[in-house]
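Worksheet for the structure shown next.
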Amino acid sequence: MGQEAHPGRPGNLTPDQEEKLRQLWGHVLKLCGVTDENVNTMTEAVAGDLATPGAGKAEKEKPKKKRISLFGKKHKAAENESPTQAQPSPGLMTHIKEGDGEDKYGQTQQFFDALANQTPQSLRATIWSMVKHDHPDALLLRFLRARKWDVDKALVMMISTMNWRLTEVHVDDDIMKNGEASAVADEQGADGDAKKLGADFMAQIRMGKSFLHGVDKSGRPICVVRVRLHKQGEQCEESLERYTVYLIETARMVLAPPVDTATIIFDMTGFSMANMDYTPVKFMIKCFEANYPESLGAVLVHKAPWVFQGIWRIIKGWLDPVVASKVHFTNNVKEMQEFIEPQRITRELDGQEDWEYKYTEPIPGENDRMKDTVTRDKLLEGREHLIQDWEAATMRWIATGGSAEAAAVQVERENLAQKLRVDYWTLDPYLRARSYYDRIGVLQDGGKIDFYPAAAPPSGRVAVETSADDLD
(Lines give C-alpha, C1' and ligand atoms only; values in the text may rest on other atoms or scores of the structure.)
Protein backbone atom coordinates (compact mmCIF):
# COMPACT_ATOMS: atom_id res chain seq x y z
CA MET A 1 0.00 0.00 0.00
CA GLY A 2 0.97 3.62 -0.37
CA GLN A 3 0.05 6.08 2.36
CA GLU A 4 -0.37 4.84 5.91
CA ALA A 5 -3.93 4.69 7.20
CA HIS A 6 -4.99 7.54 9.47
CA PRO A 7 -5.64 6.75 13.15
CA GLY A 8 -8.97 5.12 13.87
CA ARG A 9 -9.15 3.58 10.41
CA PRO A 10 -8.78 -0.02 9.21
CA GLY A 11 -5.18 -1.04 9.72
CA ASN A 12 -4.46 1.63 12.33
CA LEU A 13 -6.48 0.87 15.46
CA THR A 14 -5.43 0.77 19.08
CA PRO A 15 -6.37 -2.42 20.99
CA ASP A 16 -9.19 -0.53 22.70
CA GLN A 17 -10.51 0.81 19.38
CA GLU A 18 -10.39 -2.67 17.88
CA GLU A 19 -12.41 -4.00 20.82
CA LYS A 20 -15.00 -1.25 20.30
CA LEU A 21 -15.22 -2.25 16.64
CA ARG A 22 -15.80 -5.87 17.65
CA GLN A 23 -18.58 -4.82 19.98
CA LEU A 24 -20.29 -2.71 17.32
CA TRP A 25 -20.05 -5.49 14.74
CA GLY A 26 -21.57 -7.84 17.30
CA HIS A 27 -24.60 -5.59 17.75
CA VAL A 28 -24.95 -4.97 14.00
CA LEU A 29 -24.79 -8.65 13.08
CA LYS A 30 -27.38 -9.49 15.73
CA LEU A 31 -29.75 -6.81 14.44
CA CYS A 32 -29.26 -8.16 10.92
CA GLY A 33 -30.19 -11.66 12.06
CA VAL A 34 -26.73 -13.05 11.35
CA THR A 35 -25.78 -15.83 13.76
CA ASP A 36 -23.34 -18.73 13.86
CA GLU A 37 -25.97 -21.12 12.60
CA ASN A 38 -27.57 -19.09 9.83
CA VAL A 39 -24.69 -17.05 8.46
CA ASN A 40 -24.51 -19.33 5.41
CA THR A 41 -28.27 -19.70 4.90
CA MET A 42 -29.28 -16.15 4.06
CA THR A 43 -29.55 -16.32 0.27
CA GLU A 44 -33.33 -15.97 -0.03
CA ALA A 45 -34.31 -12.93 -2.08
CA VAL A 46 -30.70 -11.72 -1.98
CA ALA A 47 -30.61 -10.29 -5.50
CA GLY A 48 -33.79 -8.29 -4.99
CA ASP A 49 -32.77 -7.00 -1.57
CA LEU A 50 -29.26 -5.86 -2.48
CA ALA A 51 -30.41 -4.35 -5.77
CA THR A 52 -33.37 -2.63 -4.07
CA PRO A 53 -32.81 -2.42 -0.31
CA GLY A 54 -36.47 -1.61 0.31
CA ALA A 55 -37.27 -5.24 -0.38
CA GLY A 56 -37.30 -7.80 2.38
CA LYS A 57 -40.47 -6.79 4.20
CA ALA A 58 -42.22 -9.19 6.54
CA GLU A 59 -44.27 -10.83 3.80
CA LYS A 60 -41.06 -11.79 1.95
CA GLU A 61 -39.38 -13.32 4.98
CA LYS A 62 -38.72 -17.03 4.75
CA PRO A 63 -39.35 -18.64 8.16
CA LYS A 64 -37.70 -21.46 10.01
CA LYS A 65 -34.17 -20.15 10.44
CA LYS A 66 -32.85 -20.92 13.89
CA ARG A 67 -31.31 -18.10 15.87
CA ILE A 68 -28.48 -18.46 18.35
CA SER A 69 -26.33 -15.84 19.94
CA LEU A 70 -23.16 -14.47 18.41
CA PHE A 71 -21.09 -16.51 20.80
CA GLY A 72 -22.83 -19.83 20.29
CA LYS A 73 -24.98 -20.04 23.44
CA LYS A 74 -28.45 -21.27 22.64
CA HIS A 75 -31.56 -19.63 24.00
CA LYS A 76 -35.19 -20.74 24.02
CA ALA A 77 -35.94 -18.17 21.34
CA ALA A 78 -33.56 -20.01 19.07
CA GLU A 79 -36.33 -22.40 18.14
CA ASN A 80 -38.67 -19.65 16.96
CA GLU A 81 -39.17 -18.63 13.37
CA SER A 82 -37.26 -15.68 11.95
CA PRO A 83 -38.34 -12.43 13.58
CA THR A 84 -39.99 -9.79 11.42
CA GLN A 85 -38.24 -7.10 13.45
CA ALA A 86 -34.58 -6.60 14.32
CA GLN A 87 -33.83 -8.05 17.75
CA PRO A 88 -31.26 -6.20 19.90
CA SER A 89 -30.25 -7.47 23.31
CA PRO A 90 -32.40 -6.24 26.26
CA GLY A 91 -29.36 -4.77 28.02
CA LEU A 92 -28.53 -2.68 24.97
CA MET A 93 -32.10 -1.39 24.77
CA THR A 94 -31.97 -0.30 28.41
CA HIS A 95 -28.78 1.69 27.85
CA ILE A 96 -30.18 3.37 24.75
CA LYS A 97 -33.52 4.21 26.36
CA GLU A 98 -31.73 5.85 29.26
CA GLY A 99 -29.58 7.91 26.89
CA ASP A 100 -27.88 11.13 27.94
CA GLY A 101 -30.21 13.77 26.54
CA GLU A 102 -27.87 14.73 23.69
CA ASP A 103 -29.82 13.86 20.55
CA LYS A 104 -29.68 16.83 18.19
CA TYR A 105 -31.41 15.10 15.29
CA GLY A 106 -33.78 12.74 17.10
CA GLN A 107 -31.77 9.69 16.11
CA THR A 108 -32.79 7.61 19.11
CA GLN A 109 -36.40 7.69 17.93
CA GLN A 110 -35.26 6.88 14.39
CA PHE A 111 -33.33 3.94 15.82
CA PHE A 112 -36.48 2.56 17.44
CA ASP A 113 -38.49 3.26 14.28
CA ALA A 114 -35.98 1.22 12.30
CA LEU A 115 -36.21 -1.69 14.74
CA ALA A 116 -40.01 -1.57 14.60
CA ASN A 117 -40.39 -1.23 10.84
CA GLN A 118 -37.41 -2.96 9.25
CA THR A 119 -36.82 -6.68 9.10
CA PRO A 120 -33.33 -8.00 9.82
CA GLN A 121 -33.08 -8.78 6.11
CA SER A 122 -33.94 -5.26 4.93
CA LEU A 123 -31.62 -3.71 7.52
CA ARG A 124 -28.78 -5.96 6.38
CA ALA A 125 -29.41 -5.11 2.72
CA THR A 126 -29.43 -1.37 3.47
CA ILE A 127 -26.13 -1.56 5.33
CA TRP A 128 -24.40 -3.44 2.53
CA SER A 129 -25.86 -1.08 -0.06
CA MET A 130 -24.18 1.77 1.81
CA VAL A 131 -20.87 -0.09 2.06
CA LYS A 132 -20.47 -0.20 -1.73
CA HIS A 133 -16.71 -0.13 -2.52
CA ASP A 134 -15.74 0.87 1.01
CA HIS A 135 -14.01 -1.34 3.55
CA PRO A 136 -16.87 -2.67 5.73
CA ASP A 137 -14.92 -1.82 8.89
CA ALA A 138 -14.37 1.73 7.62
CA LEU A 139 -18.10 2.36 7.52
CA LEU A 140 -18.63 1.29 11.13
CA LEU A 141 -15.53 3.18 12.25
CA ARG A 142 -16.99 6.43 10.89
CA PHE A 143 -19.86 6.11 13.34
CA LEU A 144 -17.56 5.11 16.20
CA ARG A 145 -15.27 8.10 15.65
CA ALA A 146 -18.25 10.45 15.33
CA ARG A 147 -19.57 9.23 18.68
CA LYS A 148 -16.17 9.26 20.38
CA TRP A 149 -15.99 5.45 20.52
CA ASP A 150 -19.23 5.08 22.48
CA VAL A 151 -20.56 1.82 21.00
CA ASP A 152 -24.22 2.35 21.94
CA LYS A 153 -24.29 5.87 20.50
CA ALA A 154 -22.50 4.71 17.35
CA LEU A 155 -25.07 1.94 16.88
CA VAL A 156 -27.98 4.37 17.28
CA MET A 157 -26.39 6.74 14.77
CA MET A 158 -25.67 3.98 12.26
CA ILE A 159 -29.09 2.33 12.37
CA SER A 160 -30.91 5.68 12.25
CA THR A 161 -28.82 6.52 9.18
CA MET A 162 -29.92 3.29 7.53
CA ASN A 163 -33.54 4.15 8.33
CA TRP A 164 -33.01 7.59 6.76
CA ARG A 165 -31.44 6.12 3.62
CA LEU A 166 -34.15 3.52 3.14
CA THR A 167 -37.37 5.21 4.22
CA GLU A 168 -36.80 8.97 3.90
CA VAL A 169 -34.52 9.78 0.97
CA HIS A 170 -34.29 6.41 -0.83
CA VAL A 171 -30.63 6.78 -1.67
CA ASP A 172 -29.94 3.50 -3.45
CA ASP A 173 -33.38 2.50 -4.72
CA ASP A 174 -34.12 5.90 -6.27
CA ILE A 175 -31.58 8.73 -6.23
CA MET A 176 -28.51 6.78 -7.35
CA LYS A 177 -30.44 4.13 -9.26
CA ASN A 178 -32.29 6.67 -11.43
CA GLY A 179 -29.66 9.40 -11.57
CA GLU A 180 -29.38 12.09 -14.21
CA ALA A 181 -30.85 10.23 -17.20
CA SER A 182 -34.10 9.56 -15.36
CA ALA A 183 -34.32 13.20 -14.29
CA VAL A 184 -33.90 14.28 -17.92
CA ALA A 185 -36.65 11.87 -18.95
CA ASP A 186 -38.98 13.29 -16.29
CA GLU A 187 -38.07 16.82 -17.32
CA GLN A 188 -39.00 16.06 -20.92
CA GLY A 189 -41.89 13.64 -20.59
CA ALA A 190 -43.44 13.63 -17.15
CA ASP A 191 -46.21 15.81 -15.79
CA GLY A 192 -46.80 17.84 -12.65
CA ASP A 193 -44.50 17.37 -9.68
CA ALA A 194 -42.30 14.76 -11.38
CA LYS A 195 -41.61 17.11 -14.27
CA LYS A 196 -40.71 20.00 -11.98
CA LEU A 197 -38.53 17.79 -9.77
CA GLY A 198 -36.62 16.52 -12.81
CA ALA A 199 -36.23 20.02 -14.26
CA ASP A 200 -35.11 21.57 -10.96
CA PHE A 201 -32.65 18.75 -10.28
CA MET A 202 -31.09 19.03 -13.73
CA ALA A 203 -31.00 22.84 -13.62
CA GLN A 204 -28.63 22.67 -10.65
CA ILE A 205 -26.42 20.06 -12.32
CA ARG A 206 -26.28 21.89 -15.65
CA MET A 207 -25.39 25.26 -14.14
CA GLY A 208 -22.68 23.69 -11.99
CA LYS A 209 -24.04 25.06 -8.73
CA SER A 210 -21.69 22.50 -7.19
CA PHE A 211 -19.20 20.14 -8.77
CA LEU A 212 -16.35 17.77 -7.95
CA HIS A 213 -12.95 18.51 -9.40
CA GLY A 214 -9.39 17.80 -8.34
CA VAL A 215 -7.75 17.02 -5.02
CA ASP A 216 -6.16 19.06 -2.25
CA LYS A 217 -2.68 18.63 -0.75
CA SER A 218 -3.93 15.69 1.32
CA GLY A 219 -5.34 13.92 -1.72
CA ARG A 220 -8.93 14.67 -0.73
CA PRO A 221 -11.39 15.26 -3.58
CA ILE A 222 -12.60 18.84 -3.83
CA CYS A 223 -16.22 19.92 -4.10
CA VAL A 224 -16.72 23.52 -5.24
CA VAL A 225 -20.00 25.23 -4.35
CA ARG A 226 -20.64 28.41 -6.35
CA VAL A 227 -22.96 30.11 -3.89
CA ARG A 228 -23.83 32.96 -6.27
CA LEU A 229 -25.68 30.50 -8.52
CA HIS A 230 -28.25 29.65 -5.85
CA LYS A 231 -31.35 31.82 -5.72
CA GLN A 232 -33.90 31.20 -3.00
CA GLY A 233 -37.12 29.77 -4.43
CA GLU A 234 -35.76 28.95 -7.89
CA GLN A 235 -35.85 25.21 -7.23
CA CYS A 236 -38.26 23.25 -5.06
CA GLU A 237 -37.04 22.04 -1.66
CA GLU A 238 -37.25 18.36 -2.65
CA SER A 239 -34.95 18.94 -5.63
CA LEU A 240 -32.45 20.80 -3.43
CA GLU A 241 -32.31 17.89 -1.00
CA ARG A 242 -32.16 15.31 -3.77
CA TYR A 243 -29.32 17.22 -5.43
CA THR A 244 -27.41 17.49 -2.14
CA VAL A 245 -27.64 13.75 -1.43
CA TYR A 246 -26.75 12.94 -5.04
CA LEU A 247 -23.62 15.07 -4.88
CA ILE A 248 -22.51 13.62 -1.53
CA GLU A 249 -23.06 10.06 -2.75
CA THR A 250 -21.21 10.80 -5.98
CA ALA A 251 -18.34 12.23 -3.95
CA ARG A 252 -18.21 8.94 -2.03
CA MET A 253 -17.58 7.20 -5.35
CA VAL A 254 -14.35 9.17 -5.88
CA LEU A 255 -12.88 8.37 -2.46
CA ALA A 256 -10.02 5.87 -2.56
CA PRO A 257 -8.22 4.50 0.53
CA PRO A 258 -6.60 5.81 2.60
CA VAL A 259 -8.44 9.05 1.72
CA ASP A 260 -11.89 8.97 3.30
CA THR A 261 -12.89 12.64 3.50
CA ALA A 262 -13.45 15.51 1.07
CA THR A 263 -12.75 19.24 1.00
CA ILE A 264 -15.55 21.68 0.22
CA ILE A 265 -14.90 25.15 -1.17
CA PHE A 266 -17.76 27.59 -0.78
CA ASP A 267 -16.90 30.17 -3.43
CA MET A 268 -18.55 33.34 -2.14
CA THR A 269 -17.52 35.48 -5.13
CA GLY A 270 -20.46 37.71 -6.08
CA PHE A 271 -22.49 36.68 -3.02
CA SER A 272 -25.50 38.77 -2.02
CA MET A 273 -28.42 38.25 0.37
CA ALA A 274 -30.45 36.96 -2.59
CA ASN A 275 -28.20 33.89 -2.51
CA MET A 276 -28.74 33.17 1.18
CA ASP A 277 -31.12 30.32 1.92
CA TYR A 278 -31.05 28.80 5.39
CA THR A 279 -33.24 25.76 4.65
CA PRO A 280 -30.81 23.92 2.34
CA VAL A 281 -27.93 24.95 4.61
CA LYS A 282 -29.64 23.24 7.54
CA PHE A 283 -30.25 20.13 5.44
CA MET A 284 -26.62 20.01 4.37
CA ILE A 285 -25.43 20.34 7.96
CA LYS A 286 -27.76 17.54 9.05
CA CYS A 287 -26.47 15.30 6.26
CA PHE A 288 -22.86 15.67 7.32
CA GLU A 289 -23.45 15.56 11.05
CA ALA A 290 -26.10 12.83 11.22
CA ASN A 291 -25.93 10.69 8.08
CA TYR A 292 -22.44 11.07 6.59
CA PRO A 293 -20.23 11.28 9.69
CA GLU A 294 -16.51 11.85 9.43
CA SER A 295 -16.80 12.80 5.74
CA LEU A 296 -15.51 16.38 5.88
CA GLY A 297 -11.78 16.97 5.76
CA ALA A 298 -11.83 20.75 5.42
CA VAL A 299 -14.28 23.50 4.49
CA LEU A 300 -12.93 26.63 2.81
CA VAL A 301 -15.17 29.69 2.74
CA HIS A 302 -13.56 31.71 -0.03
CA LYS A 303 -13.87 35.48 -0.50
CA ALA A 304 -16.74 35.92 1.93
CA PRO A 305 -18.05 39.53 1.87
CA TRP A 306 -18.57 41.49 5.07
CA VAL A 307 -22.33 40.86 4.96
CA PHE A 308 -21.64 37.17 5.53
CA GLN A 309 -20.20 37.80 9.00
CA GLY A 310 -23.62 37.94 10.65
CA ILE A 311 -24.81 34.93 8.67
CA TRP A 312 -21.78 32.93 9.75
CA ARG A 313 -22.49 33.63 13.41
CA ILE A 314 -25.93 32.05 12.96
CA ILE A 315 -24.65 29.05 10.99
CA LYS A 316 -21.76 28.43 13.37
CA GLY A 317 -24.27 28.13 16.20
CA TRP A 318 -25.89 25.21 14.38
CA LEU A 319 -22.65 23.34 13.84
CA ASP A 320 -21.11 20.66 16.00
CA PRO A 321 -17.85 22.12 17.37
CA VAL A 322 -15.83 19.42 15.59
CA VAL A 323 -17.39 20.37 12.25
CA ALA A 324 -16.99 24.09 12.95
CA SER A 325 -13.28 23.57 13.64
CA LYS A 326 -12.82 22.37 10.06
CA VAL A 327 -14.08 25.64 8.57
CA HIS A 328 -11.40 28.03 7.30
CA PHE A 329 -11.83 31.43 5.68
CA THR A 330 -9.64 32.24 2.68
CA ASN A 331 -9.61 35.67 1.12
CA ASN A 332 -7.27 35.13 -1.81
CA VAL A 333 -5.52 32.41 -3.78
CA LYS A 334 -2.40 32.64 -1.62
CA GLU A 335 -4.39 31.65 1.45
CA MET A 336 -6.10 28.87 -0.49
CA GLN A 337 -2.67 27.51 -1.43
CA GLU A 338 -2.21 26.45 2.18
CA PHE A 339 -4.66 23.67 1.33
CA ILE A 340 -4.39 23.20 -2.45
CA GLU A 341 -1.44 23.29 -4.83
CA PRO A 342 -1.60 26.39 -7.08
CA GLN A 343 -1.56 24.31 -10.27
CA ARG A 344 -4.66 22.52 -8.99
CA ILE A 345 -6.65 25.67 -8.26
CA THR A 346 -8.80 26.60 -11.25
CA ARG A 347 -8.53 29.95 -12.99
CA GLU A 348 -12.06 30.73 -11.81
CA LEU A 349 -10.58 30.76 -8.30
CA ASP A 350 -7.51 32.73 -9.48
CA GLY A 351 -5.36 29.61 -9.69
CA GLN A 352 -3.29 28.14 -12.50
CA GLU A 353 -5.40 25.22 -13.72
CA ASP A 354 -7.10 25.82 -17.05
CA TRP A 355 -10.30 23.89 -16.39
CA GLU A 356 -13.94 24.88 -16.20
CA TYR A 357 -17.16 23.04 -15.55
CA LYS A 358 -19.09 22.17 -18.71
CA TYR A 359 -21.89 19.70 -18.27
CA THR A 360 -22.16 16.69 -20.58
CA GLU A 361 -25.71 15.41 -21.11
CA PRO A 362 -26.60 11.73 -20.60
CA ILE A 363 -25.69 9.50 -23.54
CA PRO A 364 -28.37 7.22 -25.02
CA GLY A 365 -27.80 3.67 -23.85
CA GLU A 366 -25.36 4.56 -21.07
CA ASN A 367 -27.51 2.74 -18.51
CA ASP A 368 -28.36 -0.30 -20.63
CA ARG A 369 -26.53 -2.63 -18.28
CA MET A 370 -29.06 -1.78 -15.59
CA LYS A 371 -31.69 -3.50 -17.75
CA ASP A 372 -29.68 -6.74 -17.80
CA THR A 373 -31.20 -8.17 -14.65
CA VAL A 374 -29.96 -11.69 -15.39
CA THR A 375 -26.32 -10.61 -15.21
CA ARG A 376 -27.05 -8.29 -12.31
CA ASP A 377 -28.62 -11.08 -10.28
CA LYS A 378 -25.72 -13.44 -10.96
CA LEU A 379 -23.30 -10.76 -9.82
CA LEU A 380 -25.41 -10.10 -6.73
CA GLU A 381 -25.43 -13.78 -5.92
CA GLY A 382 -21.64 -13.85 -6.07
CA ARG A 383 -21.46 -10.74 -3.89
CA GLU A 384 -23.79 -12.34 -1.38
CA HIS A 385 -21.35 -15.23 -0.97
CA LEU A 386 -18.52 -12.77 -0.31
CA ILE A 387 -20.68 -10.95 2.23
CA GLN A 388 -21.49 -14.22 3.96
CA ASP A 389 -17.78 -15.07 4.08
CA TRP A 390 -17.10 -11.64 5.61
CA GLU A 391 -19.83 -12.10 8.21
CA ALA A 392 -18.61 -15.59 9.13
CA ALA A 393 -15.01 -14.36 9.45
CA THR A 394 -16.17 -11.37 11.50
CA MET A 395 -18.04 -13.62 13.91
CA ARG A 396 -14.89 -15.72 14.40
CA TRP A 397 -12.91 -12.49 14.88
CA ILE A 398 -15.38 -11.36 17.55
CA ALA A 399 -15.38 -14.71 19.34
CA THR A 400 -11.59 -15.01 19.48
CA GLY A 401 -11.02 -11.55 20.97
CA GLY A 402 -7.45 -10.27 20.81
CA SER A 403 -5.86 -13.71 20.48
CA ALA A 404 -3.37 -14.96 17.91
CA GLU A 405 -6.25 -16.69 16.18
CA ALA A 406 -8.05 -13.35 15.90
CA ALA A 407 -4.99 -11.88 14.17
CA ALA A 408 -5.09 -14.69 11.61
CA VAL A 409 -8.81 -14.16 11.06
CA GLN A 410 -8.16 -10.44 10.60
CA VAL A 411 -5.86 -11.24 7.68
CA GLU A 412 -8.73 -13.19 6.14
CA ARG A 413 -11.08 -10.26 6.72
CA GLU A 414 -8.67 -7.85 5.01
CA ASN A 415 -8.47 -10.15 2.00
CA LEU A 416 -12.25 -10.34 1.86
CA ALA A 417 -12.53 -6.54 2.13
CA GLN A 418 -10.32 -6.20 -0.94
CA LYS A 419 -12.39 -8.78 -2.82
CA LEU A 420 -15.57 -6.94 -1.88
CA ARG A 421 -14.10 -3.67 -3.17
CA VAL A 422 -13.13 -5.15 -6.53
CA ASP A 423 -16.44 -7.00 -6.75
CA TYR A 424 -18.43 -3.82 -6.16
CA TRP A 425 -16.96 -2.08 -9.18
CA THR A 426 -17.94 -5.01 -11.40
CA LEU A 427 -21.49 -4.70 -10.09
CA ASP A 428 -21.69 -0.90 -10.04
CA PRO A 429 -22.89 -0.34 -13.67
CA TYR A 430 -25.82 -2.66 -12.99
CA LEU A 431 -27.00 -0.72 -9.92
CA ARG A 432 -25.99 2.94 -10.35
CA ALA A 433 -26.98 5.23 -13.21
CA ARG A 434 -24.02 6.86 -14.97
CA SER A 435 -23.14 10.38 -13.90
CA TYR A 436 -21.38 13.36 -15.44
CA TYR A 437 -18.17 12.11 -13.85
CA ASP A 438 -18.50 8.73 -15.56
CA ARG A 439 -19.10 10.43 -18.89
CA ILE A 440 -16.04 12.69 -18.78
CA GLY A 441 -13.73 9.90 -17.63
CA VAL A 442 -13.12 11.00 -14.04
CA LEU A 443 -14.82 7.90 -12.65
CA GLN A 444 -13.66 4.94 -14.71
CA ASP A 445 -14.34 1.22 -14.82
CA GLY A 446 -12.95 -0.67 -11.87
CA GLY A 447 -13.17 2.41 -9.64
CA LYS A 448 -10.16 4.18 -11.14
CA ILE A 449 -10.29 7.94 -10.48
CA ASP A 450 -8.63 10.45 -12.80
CA PHE A 451 -9.29 14.14 -12.24
CA TYR A 452 -6.29 15.12 -14.33
CA PRO A 453 -6.30 13.09 -17.57
CA ALA A 454 -3.45 13.66 -19.99
CA ALA A 455 -5.96 13.86 -22.79
CA ALA A 456 -9.73 14.12 -22.80
CA PRO A 457 -11.47 10.76 -23.30
CA PRO A 458 -13.42 10.29 -26.52
CA SER A 459 -17.04 11.34 -26.14
CA GLY A 460 -19.58 8.59 -25.77
CA ARG A 461 -17.00 5.93 -24.93
CA VAL A 462 -18.60 2.57 -24.21
CA ALA A 463 -17.27 0.50 -21.33
CA VAL A 464 -16.62 -3.21 -21.64
CA GLU A 465 -19.71 -5.04 -20.46
CA THR A 466 -20.10 -8.17 -18.40
CA SER A 467 -22.70 -10.61 -19.69
CA ALA A 468 -24.45 -13.43 -17.90
CA ASP A 469 -22.51 -15.92 -20.02
CA ASP A 470 -19.22 -14.51 -18.69
CA LEU A 471 -20.27 -15.49 -15.17
CA ASP A 472 -20.86 -19.18 -15.80
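Considered as a group, the residues in the stretch 407-428 that are in contact with a helix residue (DSSP H, G or I) (Cβ under 7 Å, 6 or more places away or on another chain) and charged (D, E, K, R) include one that is surrounded by the most Cβ atoms within 10 Å (Cβ to Cβ), and that residue is Arg413.
Please verify whether Lys326 is surrounded by 13 or more Cβ atoms within 10 Å (Cβ to Cβ) and basic (Lys, Arg), treating the condition exactly as stated. First the steps, then the outcome.
Details: surrounded by 13 or more Cβ atoms within 10 Å (Cβ to Cβ): yes; basic (Lys, Arg): yes.
Yes; evaluated as a whole, the condition is true for this residue.
Considering the stretch 376-419, the residues that are closer than 18 Å to Leu24 by Cα, polar (S, T, N, Q) and modelled with pLDDT of 95 or more include one that is farthest from the chain's Cα centre (by Cα), namely Gln410. Looking across the stretch 431-450, the residues that are among the basic types (Lys, Arg) and surrounded by 20 or more Cβ atoms within 10 Å (Cβ to Cβ) come down to Arg432, Arg434, Arg439. If the condition is being over 23 Å from Glu102 (Cβ atoms) and either of a type in the set (A, V, I, L, M) or not assigned by TED's automatic domain parsing to the domain that holds Asp216 (or both), then the stretch 300-324 contributes Leu300, Val301, Ala304, Val307, Ile311. Entry remark, the stretch 350-376: residues being surrounded by fewer than 18 Cβ atoms within 10 Å (Cβ to Cβ) and not aromatic (Phe, Trp, Tyr) number 15 in total. Contact map, the stretch 447-458: first residue within 20 Å of Asp216 (Cβ to Cβ), second residue at pLDDT below 95 and among the hydrophobic types (A, V, I, L, M, F, W, C), Cβ cut-off under 7 Å, separation 6 or more or different chains; pairs are Ile449/Ala256.
Across the stretch 170-192, the number of residues qualifying as buried (at least 18 other Cβ atoms within 10 Å of the Cβ) and of a type outside the set (A, V, I, L, M) comes to 9.
Table: residues versus (1) of a type outside the set (D, E, K, R); (2) in contact with an Asp or Glu (Cβ under 6 Å, 6 or more places away or on another chain); (3) free of Cβ contacts under 8 Å to residues at least 40 places away in the same chain.
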{"position": "Asp350", "(1), (2), (3)": "no, no, yes"}
{"position": "Met370", "(1), (2), (3)": "yes, no, no"}
{"position": "Asp377", "(1), (2), (3)": "no, no, no"}
{"position": "Ile387", "(1), (2), (3)": "yes, no, no"}
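Pick out the one residue from Glu168, Glu180 that is touching a residue at least 24 places away in the same chain (Cβ under 8 Å), of a type in the set (Asp, Glu) and within 25 Å of Thr126 (Cβ to Cβ). Just a single option satisfies the conditions, and that option is Glu180. When the stretch 1-59 is filtered for residues that are surrounded by 18 or more Cβ atoms within 10 Å (Cβ to Cβ), at pLDDT 70 or above, assigned to a loop (DSSP other than H, G, I, E, B) and more than 21 Å from the chain's Cα centre (by Cα), the ones remaining, listed by number, are Leu13, Gly33, Val34, Thr35, Asp36. Summed over the stretch 104-152, the residues that are farther than 21 Å from Arg22 by Cα, of a type in the set (A, V, I, L, M) and in contact with a Ser or Thr (Cβ under 9 Å, 6 or more places away or on another chain) give a count of 1. For the stretch 164-194, residues that are touching an Asp or Glu at 6+ places or on another chain (Cβ under 6 Å) and either polar (S, T, N, Q) or over 20 Å from Arg434 (Cβ atoms) (or both) total 1. Applying the set (1) in a loop (DSSP other than H, G, I, E, B); (2) out of contact with any His (no Cβ under 7 Å at 6 or more places or on another chain) to Thr394 leaves exactly one unmet item: (1). Can you find, within the stretch 114-155, the residue that is nearest to Asp260 (Cα to Cα) among those that are of a type in the set (Lys, Arg) and in a helix (DSSP H, G or I)? Taking the candidates together, the pick is Arg142.
In this structure, is Asp350 of a type outside the set (Val, Ile, Thr) and within 30 Å of Cys287 (Cβ to Cβ)? Considered against the rule, which asks whether it is of a type outside the set (Val, Ile, Thr) and within 30 Å of Cys287 (Cβ to Cβ), Asp350 comes out as yes. Criterion applied to Pro280, Pro293, Pro305 was being surrounded by fewer than 19 Cβ atoms within 10 Å (Cβ to Cβ), assigned to a loop (DSSP other than H, G, I, E, B) and touching a residue at least 12 places away in the same chain (Cβ under 8 Å), and the one residue passing it is Pro305. Checking the stretch 210-227 against the condition returns a match, with at least one residue being assigned to a strand (DSSP E or B), surrounded by 15 or more Cβ atoms within 10 Å (Cβ to Cβ) and on the phi > 0 side of the Ramachandran plot.
The values are calculated or read from the model by the stated rules, or taken from the named source; none is laboratory data. The structure displayed is predicted, hence computed values, not measured ones. Using ideal geometry, Cβ is built from the backbone for each residue, glycine included, and neighbour counts are taken over all protein chains shown.
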